[in-house]
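Comments concern the structure below.
Where a number appears in this text, it was derived from the coordinates with a stated rule and is not lab data. Just so we're clear, the structure is a prediction, and the values are computed from it rather than from any experiment. Note: ideal-geometry Cβ built from the backbone for every residue, glycine included; neighbour counts use all protein chains shown.
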Amino acid sequence: MLTCREIGERASDYLDNDMNWRNRVSVRLHLMMCKHCRAYVDQLAKTVQLLRNGIFTGDASEPDAELIALLATRPDETK
Amino acid sequence: MKRHKPNAEMSDELLVVALKKGDEAAFRQIFARENAALLAFARNFVRESAAAEEAVQDTWVAVIGGIGRFEGRSTLRSWIFSVLANIARTKAKRDGRILSFSDMGFNDPAVDPDRFSGDGTWLSPPGRWSEINPERIVGGRQLFAHAMVVMEELPPNQRAVVQLRDIEGLSAPDACDILGITEANQRILLHRGRSKIRAAIEVLMDPDSGGQVGPAK
Ligand SMILES: [Zn+2]
């Protein structure tokens, strides 16, 4: 039986489906019986979701004249 | 970083073909999409923003020069990130910086050990985040801003892995290639990085939760 501390160490592998079948079953069995670890795994999942959906409000940047000039004089290699 | 894509934008395949022909609209599109993410990524290697900007500019020069050799074995974005990683690494080395990609951030526990009793069960269990819905823009935006502040405090290797995997959505093998780390180390760094961001959000949600702010020792 895994301890809660061990669940804390393995939660990302579990969420990313990056563990073997046996370990996955052990984690699932623990989560069935432990609401605290369910809450923990849910928090980590929400953290990942937040990072994935985060909208980065950087200004839409424009290439400078050097890059545009380099591009314009680039030989066409598709011919 | 992630941005939503209007339908008018070209697919990566078309972009590559257009870039090979020197198409300016295609270049402007890929530049607008990736430049901010590249700048953030460069800062994992060189801290000063002028040096990071220089590394990104050099990356675009290398992309324009090297797109003819791009064969689509990785995604266009993974390829651009690996070009930048090589350039930034060389620059960091030249400036005498020792990169800590292999020796930092592996040993911190994912969860503060004080939150467990001796037998490994929770002493101070995590609360329910039922009120958090990361897809809801309002709460999501504040939380995302907070997560970005915590990102800044992560060791560079954890930050780089979290950026590539969770923010940019690259695959684990691509992230390993770009950073030159093993699959096992990638998993450790990703979990450590995510765990610190989780802990910081937990503090924001419930200041009495016993979580820690900032990077754990
Ligand atoms: Zn548990």
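Express in nm, to one decimal, how much length is gained between B:T75 and B:D112 on full extension, taking 0.36 nm for each residue of separation and deducting their alpha carbon distance.
9.6 nm
Counting charges near B:F116 (Lys, Arg +1; Asp, Glu -1) among other residues having Cβ under 12 Å from its Cβ returns a value of -3. Per residue, the average separation of C-alpha pairs within less than 8 Å and at least 6 apart gives segment B:113-209 a relative contact order of 27 percent. Computed from the C-beta positions of B:R94 and A:N53, the FRET efficiency with R₀ = 41 Å rounds to 0.65. Which shape class, rounded, prolate or oblate, goes with segment B:113-209 when its Cα gyration tensor gives a ≥ b ≥ c as root eigenvalues, a/c under 1.5 marks rounded, and past that a/b bigger than b/c marks prolate? Oblate, because a/c is 1.5 or more while a/b does not exceed b/c.
Excluding same-chain neighbours fewer than eight residues apart, the aspartates and glutamates reachable from B:K93 by a Cα-Cα span under 20 Å are B:E48, B:E53, B:E54, B:D58, B:D103, B:D177.
Across segment A:4-54, Cα-Cα pairs more than 18 Å apart make up 27 percent of the total.
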